[in-house]
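Trainee: Just passing along the structure, written as structure tokens.
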Amino acid sequence: MSSFDEKLKAFSVELFKINAIKFGDFKTKVGLQTPVYVDLRVIVSYPKLLNDLADLILDYKKKLPKFDIICGVPYTALPIATIVSVKSDIPMVMRRKEAKDYGTKKLIEGQFNEGDNCLIVEDVVTSGSSILETVRDLKNTGINCLDAIVLLNREQGGEKLLKKNGIKMHALLTLTQLMAFLKEANCVNESIVEKVKTYLSSTQVDPSVIKTNNRLKLPFLERAKFTKNTISQQLFKIMASKKSTLCVAADLTSCTDLLNLAEQVGPHICLLKTHIDILDDFHPNVLKPLKEIADRHNFLLFEDRKFADIGQTVQFQYSRGLYQISSWASLVTTHSLMGKGVLDGLKQAPGLTDRGVFLLAQTSAAGSLIDQNYVDNSIKLARQYGDLVTGVVCQSVVFEDEPGFVQLTPGVHLESLKDNLSQQYNTPEVVVLQRGADVAVVGRGVTQASNPGDEAKRYKEVLWTAYEKRISL
């Protein structure tokens with residue numbers, strides 16, 4: 001046994017001693033049941049082991065080409081990558097799982113240059129999906145990623161999937177080697193080793209499942225097959241046929257201006273977002289021509305009402321009163337704050353047979369009081385009401401494995417800026433490639449242009465190019 005293998009064996013035994021290697025019945029990130037689970041999250045509490053792992057990685061790295069930067073896959077590999085960076089004097093960058101809605105709003109933190117070669121550091125690989133997510137965001141900022149170094153290859157298809165996506169995986173250990181080391185050290189008996197061996201021979205990750213469930217990689221027509229909501233399906237088909245992910249926010253105060261804008265931008269949009277209650281001269285007679293324009297140009301009407309009250313009140317606000325929203329708007333927005341009562345109220349209201357809801361999980365307003373717990377609960381609510389909910393309004397990737405849901409992201413402008421009322425803007429490329437938007441909401445960038453139709457076409461083309469780049473990465 002080589003000196004390096006001796007160090008690996010000693011390290012494996014230490015991991016067993018701190019209960020980082022567990023035997024029983026567990027579930028992996030990709031949904032596979034497993035009799036052995038390696039949990040390196042505990043290693044942060046053992047500085048010597050963290051240091052030993054970094055030394056093992058650096059020993060192995062001598063075989064590899066030189067790298068400009070290092071990036072650890074969040075979150076377990078971050079402290080590992082940090083120690084490797086310090087010991088090797090190779091700069092590190094850090095990938096966030098979701099972009100901030102304040103400050104620089106970056107997904108990739110740290111100093112780097114376009115074209116830098118990055119070594120990915122990961123703890124354990126089953127499918128390789130976490131590495132691919134990190135590579136996607138690094139590539140979107142111009143960083144090259146060809147190699148990933150990992151402690152443990154579970155030998156369940158991850159290496160093959162990574163190779164298919166242009167990433168060479170370098171593993172210090174395989175699960176088979178790990179079990180052999182533990183048996184030699186009398187940490188496990190032969191029956192456990194055989195159980196793991198049998199498990200590995202019969203349980204492999206299906207690469208197509210990993211790809212299929214990631215909404216960020218699937219074309220819209222494919223995603224339409226996953227929808228439970230008829231409006232979602234219709235929206236996906238409109239987006240694909242018109243090659244448009246543009247929603248124009250028609251925040252105008254005149255009925256004539258609203259109809260003129262709808263006519264001008266109609267050929268280039270998938271959604272027209274209204275605030276019907278800000279029209280100074282509203283009359284129900286405006287609704288018929290508005291619907292006729294939407295039908296002729298094949299886009300959906302979307303009233304941004306943001307309902308937030310008890311179910312019965314919301315039902316009345318939606319279907320009765322002056323605006324009778326349920327009779328003409330295919331889509332509306334609601335806050336998640338009041339829970340399922342709001343959605344029950346909308347679902348049971350009279351009006352259009354086919355209707356959809358966007359749940360507001362995040363906003364583009366600076367200083368919002370929304371926290372991560374609220375975001376998580378909004379996604380749970382969306383899943384619970386999948387037959388009604390079309391998607392989620394958010395500023396970052398808060399869901400990936402729900403291809404039937406649409407991410408709608410407001411606050412988009414060709415130039416990143418902000419106004420004096422806390423509205424923050426991001427460019428089309430940022431919201432699509434970094435923040436995961438399926439539909440981008442553009443307001444003043446179009447409505448205040450000298451020719452809204454031409455400007456809508458410009459936004460449509462830039463957004464579509466970014467979407468095609470995202471699904472091709």
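Trainee: Restricting the search to segment 343-378, which residues are in contact with a Gly (Cβ under 6 Å, 6 or more places away or on another chain), outside any loop (DSSP other than H, G, I, E, B) and buried (at least 21 other Cβ atoms within 10 Å of the Cβ)?
Mentor: Gly345, Phe358
One line per residue, one yes/no per condition, for (1) of a type in the set (S, T, N, Q); (2) within 22 Å of Pro452 (Cα to Cα); (3) in contact with a strand residue (DSSP E or B) (Cβ under 6 Å, 6 or more places away or on another chain):
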site	(1), (2), (3)
Lys225	no, no, no
Lys237	no, no, no
Leu279	no, yes, no
His283	no, no, no
Asp304	no, yes, yes
Phe307	no, no, yes
Tyr318	no, no, no
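One line per residue, one yes/no per condition, for (1) assigned to a helix (DSSP H, G or I); (2) in contact (Cβ under 8 Å) with a residue 60 or more places away in the chain; (3) not hydrophobic (A, V, I, L, M, F, W, C):
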site	(1), (2), (3)
Gly142	no, no, yes
Ala180	yes, no, no
Ser191	yes, no, yes
Gln204	no, no, yes
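Trainee: Of the residues that sit in segment 423-473 and are among the aromatic types (Phe, Trp, Tyr) and modelled with pLDDT of 95 or more, which one is farthest from Asp251 (Cα to Cα)?
Mentor: Selected residue: Tyr467.
Conditions tested, residue by residue: (1) touching a Ser or Thr at 6+ places or on another chain (Cβ under 9 Å); (2) hydroxyl-bearing (Ser, Thr, Tyr).
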{"position": "Ser3", "(1), (2)": "no, yes"}
{"position": "Phe11", "(1), (2)": "no, no"}
{"position": "Val30", "(1), (2)": "yes, no"}
{"position": "Val36", "(1), (2)": "no, no"}
{"position": "Leu40", "(1), (2)": "yes, no"}
{"position": "Ile43", "(1), (2)": "yes, no"}
{"position": "Leu49", "(1), (2)": "no, no"}
{"position": "Leu53", "(1), (2)": "no, no"}
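Trainee: In addition: I'd like the full set of residues that are under 20 Å from Val30 (Cα atoms), aliphatic (A, V, I, L, M) and crowded, with 16+ Cβ neighbours inside 10 Å, limited to segment 163-209.
Mentor: Ile167, Met169, Ala171, Leu175, Val196, Leu200, Val205
Trainee: Which of the residues spanning segment 46-85 are among the hydroxyl-bearing types (Ser, Thr, Tyr) and surrounded by 15 or more Cβ atoms within 10 Å (Cβ to Cβ)?
Mentor: Residues satisfying the conditions are Tyr46, Tyr60, Thr76, Thr82, Ser85.
Trainee: Sticking with this one: Exactly one condition in (1) assigned to a loop (DSSP other than H, G, I, E, B); (2) among the hydroxyl-bearing types (Ser, Thr, Tyr); (3) buried (at least 19 other Cβ atoms within 10 Å of the Cβ) is false for Ser232; which is it?
Mentor: Unmet for Ser232, out of (1) assigned to a loop (DSSP other than H, G, I, E, B); (2) among the hydroxyl-bearing types (Ser, Thr, Tyr); (3) buried (at least 19 other Cβ atoms within 10 Å of the Cβ): (1).
Trainee: Within the set of pairs 6 or more residues apart or between chains, which connect a residue that is assigned by TED's automatic domain parsing to the domain that holds Gly356 and without any contact (Cβ under 8 Å) to a residue 40 or more places away in the chain inside segment 294-311 to a residue that is crowded, with 16+ Cβ neighbours inside 10 Å and in a loop (DSSP other than H, G, I, E, B) with Cβ atoms less than 7 Å apart?
Mentor: Leu301/Trp328; Leu301/Ala329; Leu301/Ser330; Glu303/Ala329; Ala308/Met338; Asp309/Met338; Ile310/Met338
Trainee: State all residues of segment 424-444 that are assigned to a helix (DSSP H, G or I) and either within 28 Å of Arg96 (Cα to Cα) or in contact with a helix residue (DSSP H, G or I) (Cβ under 7 Å, 6 or more places away or on another chain) (or both); if no residue qualifies, say none.
Mentor: Filtering segment 424-444 for residues assigned to a helix (DSSP H, G or I) gives 428-434, 444.
Correct list: Pro428, Glu429, Val430, Val431, Val432, Leu433, Gln434.
Trainee: Select from segment 25-81 the residues that are more than 19 Å from Cys145 (Cβ to Cβ), touching a helix residue (DSSP H, G or I) at 6+ places or on another chain (Cβ under 8 Å) and part of a strand (DSSP E or B) and list them in ascending order.
Mentor: Thr34, Pro35, Val36, Val38
Trainee: Does segment 16-37 contain at least one residue that is over 24 Å from Ser129 (Cα atoms), in the same structural domain as Arg95 (by TED's automatic domain parsing) and either in contact (Cβ under 8 Å) with a residue 24 or more places away in the chain or under 26 Å from the mean Cα position of the chain (by Cα) (or both)?
Mentor: Yes, segment 16-37 contains a residue that is over 24 Å from Ser129 (Cα atoms), in the same structural domain as Arg95 (by TED's automatic domain parsing) and either in contact (Cβ under 8 Å) with a residue 24 or more places away in the chain or under 26 Å from the mean Cα position of the chain (by Cα) (or both).
Trainee: While we're looking at this one, here's another question. Of the residues Thr256, Thr230, Thr274, only one is assigned by TED's automatic domain parsing to the domain that holds Glu402, touching a helix residue (DSSP H, G or I) at 6+ places or on another chain (Cβ under 8 Å) and of a type in the set (Val, Ile, Thr); which?
Mentor: Step by step, each of Thr256, Thr230, Thr274 is checked, and only Thr274 is assigned by TED's automatic domain parsing to the domain that holds Glu402, touching a helix residue (DSSP H, G or I) at 6+ places or on another chain (Cβ under 8 Å) and of a type in the set (Val, Ile, Thr).
Trainee: Going by the conditions given, is Tyr318 surrounded by 20 or more Cβ atoms within 10 Å (Cβ to Cβ), more than 33 Å from the chain's Cα centre (by Cα) and not in a strand (DSSP E or B)? So that I can check it myself, show each step before the final result.
Mentor: Working: surrounded by 20 or more Cβ atoms within 10 Å (Cβ to Cβ): yes; more than 33 Å from the chain's Cα centre (by Cα): no; not in a strand (DSSP E or B): yes.
For Tyr318, the condition - surrounded by 20 or more Cβ atoms within 10 Å (Cβ to Cβ), more than 33 Å from the chain's Cα centre (by Cα) and not in a strand (DSSP E or B) - is not met.
The values are calculated or read from the model by the stated rules, or taken from the named source; none is laboratory data. Keep in mind the model is a prediction, meaning the values are calculated, not measured. Cβ atoms come from the backbone with ideal geometry, glycine included; neighbour counts cover every protein chain shown.
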